[in-house]
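Quick notes on the structure that follows.
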Amino acid sequence: LPYVPRTLLAQIRAYIAGRLGDAELTPEVIASAHHISLRYLHKLFQQDGHTVAGWIRERRLEQCRRDLANPQLTTGPR
């Protein structure tokens, strides 16, 4: 992708990262927040071999793994 779409994709990924816990985070919401079409959003992610929903799911799973491995989040004996 040229520079501008890469920058936009980085902004979108940062937006997603800041809202991973939001159950209302959908490709439609993301596209609307960035003033782009849903089709263009999917095209941006497709360039890297991902889907929007798949990328969100992977980030959420990574966050779960980090949280589970974090001893500071343990509330009692295991």
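The values are calculated or read from the model by the stated rules, or taken from the named source; none is laboratory data. Since the structure is predicted, the reported quantities are computational estimates derived from the model, not experimental observations. SASA here: full protein model, heavy atoms, side chains in, ligands and nucleic acids out. Shrake-Rupley method; radii C 1.70, N 1.55, O 1.52, S 1.80 Å.
Helix-only mean residue ellipticity at 222 nm, the chain, DSSP H runs n ≥ 4 weighted -39,500 (n - 2.57), per residue, nearest 500. What is it?
Per the formula, -19500 deg cm²/dmol.
Report the full-extension gain for the segment TYR40 to GLN11: residue separation times 0.36 nm, less the Cα-Cα distance, to one decimal in nm.
Contour length minus the Cα-Cα distance gives 9.0 nm.
Roughly speaking, to the nearest percent, how much of the chain's 1.4 Å accessible area is carbon and sulfur?
Whole-percent figure for carbon plus sulfur exposure: 56.
If you count only protein heavy atoms with a 1.4 Å probe, what accessible area per residue comes out for the chain, rounded to a whole Å²?
For the chain, the per-residue accessible area is 71 Å².
Given H placed on each backbone N at 1.01 Å, which residues far from HIS50 in sequence or on other chains put an amide H within less than 5 Å of it?
none
With θ taken as phi - 60° and the coefficients 6.51, -1.76 and 1.60, list the Karplus ³J(HN,Hα) couplings across the stretch 64-71 in order, rounded to whole Hz; mark glycine and proline as x.
Result, ordered by residue: 4, 4, 4, 5, 5, 7, 8, x Hz.
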